[in-house]
Amino acid sequence: MEHRVQIDSGYLEGVPGVHNNVTVFKGIPYAAPPVGALRWRPPQPPAAWEGVRPADRFGPICPQFIPEPGSFYHEEFYVEEQEQSEDCLYLNVWSAAASSDERRPVMVWFHGGGLVEGSGSLPSFDGESLALCGVVVVTVNYRLSVLGFLAHPELTAESEHGSSGNYGLLDQTEALRWVQRNIVAFGGDPGNVTIFGQSAGCFSVYSKLASPLAKGLFHKAICQSIFLGPISTLAEVEAKGAQFAQQRGAASIAELRAQSAEQLMSDPELYRNALGLLPVALDGWVHEEDPLTMLLESRHHPVPLLMGATANEMTTLVTGGCTLESFQSMAHRQFGEEAEVFLSLYPAVNDEEATEAYRNYMSDRFMASKLVWAEAQQRSGDVNCYLYYFTRKPPGRNEAYYGAFHSADLYYVFHTLHSTDRPWEREDCRLAEAMTTYWTRFAAKGAPAAEGWPHWSAFNAADVRVMELGDEIREIPLPHAARLAFYARGILNKEPLKFDLE
């Protein structure tokens with residue numbers, strides 16, 4: 001790939017990757033800095049520049065509180081300090097194309113982090129290995145937390161669309177528009193774009209599948225580790241935003257805009273929790289309808305899907321234990337007449353078993369969501385879906401306890417085992433090679449068919465099988481089928497996920 005390319009805002013000079021045939025373009029502005037009067041407004045076009053802009057450094061990431069040093073996820077992913085700034089709307093491109101004429105498949109990554117933390121430039125998201133498999137990789141920073149998802153009656157009133165919140169989702173859509181306009185310069189094909197993400201990044205993919213604003217901007221989707229549920233109403237998120245403004249001592253949005261990002265973040269707990277677990281609004285613009293309703297009625301954008309979950313999603317997300325009494329009480333409170341069915345599926349006779357059963361129950365929501373989604377996809381009759389179940393326990397750091405934890409699959413998808421300090425084994429290298437190959441083949445062709453690797457069948461509701469990605473790579477019957485079927489009923493009834501044991 002030539003190191004110098006021209007995009008619609010000017011010339012860029014990239015840098016060589018570790019492999020000389022890969023070129024990396026870092027810190028490309030895809031929208032204007034969302035600061036001052038542009039805070040809490042839809043992304044605007046970036047300014048053009050004269051001359052050649054160096055693309056040799058990652059752009060700043062959205063202001064956030066990273067995990068505490070020594071904590072599990074800090075040790076896993078935040079191994080390098082990153083500059084933070086409200087001026088954060090940058091993306092990065094990896095390409096091994098020899099010229100702009102190649103039209104390689106494109107993979108656009110939306111990072112996770114609960115919509116409150118993370119970035120597209122974490123070392124684990126280095127796109128070089130994927131690029132070497134024949135795709136052009138794009139990773140995206142977007143606005144987070146209060147800066148990305150604050151809704152407020154004043155913001156709704158000033159919007160020509162009668163909408164507020166969802167600015168982070170608008171950023172992602174703007175990045176996809178940038179891809180459509182510019183990816184040819186990097187040897188990519190704007191007619192063959194796959195969006196992929198994990199956790200909150202997976203929710204971002206889910207959002208795009210239901211948003212009218214994203215229609216036609218992508219052609220395939222990969223969703224890793226998400227649970228489904230209805231999103232909030234605009235009134236609900238506006239109320240949370242108004243409460244945050246009041247707690248910040250701001251009588252108006254103008255006063256809140258006058259506060260610096262540092263001032264907004266002066267109370268860490270308030271900033272982290274101001275908008276709730278999922279601050280995405282049914283705003284009538286980004287989301288005209290509840291995405292879950294659209295999905296269940298097979299009215300989401302019909303593109304091929306590759307989806308799955310890890311076996312032990314909640315070992316890192318639910319800390320501490322629970323008592324047998326609290327677990328059984330929760331079962332009766334949430335499931336009523338079906339409580340005994342639930343307890344037979346998640347048996348426990350002491351506190352230790354109750355803790356494990358509770359984590360299994362919470363983890364099952366992720367895979368049950370994929371089962372519901374795959375069935376809806378099959379009902380649409382147009383495109384295929386491929387399911388996986390990740391079971392590999394990354395070696396080191398109490399692997400027996402954490403198991404195949406939430407986010408464990410990321411090192412393997414990007415083949416970035418080197419990005420974290422673990423005693424990796426030969427099996428890990430083989431699994432990373434398999435997953436990188438499957439993911440890029442899916443991006444290229446819409447099916448994860450890869451020579452030399454086990455066959456991966458499309459989802460069939462009459463005989464559900466999934467690809468196990470673990471110590472062995474093989475198709476298996478749906479794991480924990482009875483548990484997942486029980487959980488799927490709740491998703492179909494649009495019951496919100498409850499973490500509270502009380």
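The values are calculated or read from the model by the stated rules, or taken from the named source; none is laboratory data. These numbers come from a predicted model, not from an experiment. Cβ: placed from backbone, ideal geometry, glycine included. Neighbour counts: every protein chain shown.
Contact map, region 227-253: first residue in contact (Cβ under 8 Å) with a residue 40 or more places away in the chain, second residue among the charged types (D, E, K, R) and assigned to a helix (DSSP H, G or I), Cβ cut-off under 7 Å, separation 6 or more or different chains; pairs are F227/R365; S252/E154; I253/E154.
Pick from V383, V349: which is over 21 Å from L292 (Cβ atoms) and surrounded by fewer than 20 Cβ atoms within 10 Å (Cβ to Cβ)?
V349
Filtered by the rule that a residue be buried (at least 20 other Cβ atoms within 10 Å of the Cβ), free of Cβ contacts under 8 Å to residues at least 60 places away in the same chain and touching a Phe, Trp or Tyr at 6+ places or on another chain (Cβ under 7 Å), region 395-431 gives a lone residue, L431. Assess whether S129 counts as being closer than 19 Å to V15 by Cβ and either modelled with pLDDT of 95 or more or not in a loop (DSSP other than H, G, I, E, B) (or both). Yes. Criterion applied to A458, A434, A462 was being assigned by TED's automatic domain parsing to the domain that holds F405 and under 28 Å from L343 (Cα atoms), and the one residue passing it is A462. Checking each residue in region 364-390 for being closer than 15 Å to H480 by Cβ and in a helix (DSSP H, G or I) picks out D364, R365, F366, M367, A368, S369, K370, L371, V372.
When you scan region 121-132, how many residues do you find that are of a type in the set (A, V, I, L, M, F, W, C) and surrounded by fewer than 22 Cβ atoms within 10 Å (Cβ to Cβ)?
Of the residues in region 121-132, 1 are of a type in the set (A, V, I, L, M, F, W, C) and surrounded by fewer than 22 Cβ atoms within 10 Å (Cβ to Cβ).
Within region 50-66, identify whether any single residue is within 30 Å of A404 (Cβ to Cβ), in the same structural domain as G191 (by TED's automatic domain parsing), modelled with pLDDT of 95 or more and in contact with a strand residue (DSSP E or B) (Cβ under 6 Å, 6 or more places away or on another chain), and answer yes or no. Scanning region 50-66 turns up at least one residue that is within 30 Å of A404 (Cβ to Cβ), in the same structural domain as G191 (by TED's automatic domain parsing), modelled with pLDDT of 95 or more and in contact with a strand residue (DSSP E or B) (Cβ under 6 Å, 6 or more places away or on another chain). Does region 9-25 contain at least one residue that is of a type in the set (A, V, I, L, M, F, W, C), closer than 30 Å to A242 by Cβ, part of a loop (DSSP other than H, G, I, E, B) and assigned by TED's automatic domain parsing to the domain that holds L169? No, region 9-25 contains no residue that is of a type in the set (A, V, I, L, M, F, W, C), closer than 30 Å to A242 by Cβ, part of a loop (DSSP other than H, G, I, E, B) and assigned by TED's automatic domain parsing to the domain that holds L169.
Does region 487-496 include one or more residues that are among the aromatic types (F, W, Y), under 26 Å from A357 (Cβ atoms) and either modelled with pLDDT under 95 or crowded, with 19+ Cβ neighbours inside 10 Å (or both)?
yes
Which residue pairs have Cβ atoms under 7 Å apart, sit 6 or more places apart or on different chains, and have a first residue in region 287-302 that is surrounded by fewer than 17 Cβ atoms within 10 Å (Cβ to Cβ) and a second that is part of a loop (DSSP other than H, G, I, E, B)? Close Cβ pairs (under 7 Å, with a partner that is part of a loop (DSSP other than H, G, I, E, B)) amount to P302/D382; P302/V383.
Matching residues to (1) out of contact with any strand residue (DSSP E or B) (no Cβ under 9 Å at 6 or more places or on another chain); (2) hydroxyl-bearing (S, T, Y); (3) part of a loop (DSSP other than H, G, I, E, B); (4) modelled with pLDDT under 95:
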{"residue": "G320", "(1), (2), (3), (4)": "yes, no, yes, yes"}
{"residue": "M330", "(1), (2), (3), (4)": "yes, no, no, yes"}
{"residue": "R333", "(1), (2), (3), (4)": "yes, no, no, yes"}
{"residue": "E338", "(1), (2), (3), (4)": "yes, no, no, yes"}
{"residue": "S344", "(1), (2), (3), (4)": "yes, yes, no, no"}
{"residue": "P347", "(1), (2), (3), (4)": "yes, no, yes, no"}
{"residue": "E353", "(1), (2), (3), (4)": "yes, no, no, no"}
{"residue": "M362", "(1), (2), (3), (4)": "yes, no, no, yes"}
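Screening V108, V179, V116 for residues that are assigned to a strand (DSSP E or B) and either on the phi > 0 side of the Ramachandran plot or in contact with a Leu (Cβ under 9 Å, 6 or more places away or on another chain) (or both) leaves exactly one candidate, V108. With the condition kept exactly as written, say whether any residue in region 73-85 is in contact (Cβ under 8 Å) with a residue 12 or more places away in the chain, among the hydroxyl-bearing types (S, T, Y) and in contact with a Phe, Trp or Tyr (Cβ under 7 Å, 6 or more places away or on another chain). No; the residues of region 73-85 include none that is in contact (Cβ under 8 Å) with a residue 12 or more places away in the chain, among the hydroxyl-bearing types (S, T, Y) and in contact with a Phe, Trp or Tyr (Cβ under 7 Å, 6 or more places away or on another chain). Per the listing S211, S199, S225, S266, the residue uniquely surrounded by fewer than 20 Cβ atoms within 10 Å (Cβ to Cβ) and hydroxyl-bearing (S, T, Y) is S266. From A200, A157, which residue is free of Cβ contacts under 8 Å to residues at least 24 places away in the same chain, within 30 Å of L256 (Cα to Cα) and out of contact with any Pro (no Cβ under 9 Å at 6 or more places or on another chain)? Matching residue, one of A200, A157: A157. If the condition is being farther than 27 Å from Q84 by Cα, buried (at least 21 other Cβ atoms within 10 Å of the Cβ) and touching a helix residue (DSSP H, G or I) at 6+ places or on another chain (Cβ under 8 Å), then region 164-191 contributes only G188. In summary, R333 fulfils each of the numbered conditions (1) in the same structural domain as A481 (by TED's automatic domain parsing); (2) in contact (Cβ under 8 Å) with a residue 24 or more places away in the chain; (3) under 29 Å from S407 (Cα atoms) with the single exception of condition (3). In summary, R53 fulfils each of the numbered conditions (1) outside any loop (DSSP other than H, G, I, E, B); (2) in contact (Cβ under 8 Å) with a residue 60 or more places away in the chain with the single exception of condition (2). For E472, the criteria (1) more than 30 Å from G229 (Cα to Cα); (2) among the charged types (D, E, K, R); (3) crowded, with 18+ Cβ neighbours inside 10 Å hold in every case but one, which is (3).
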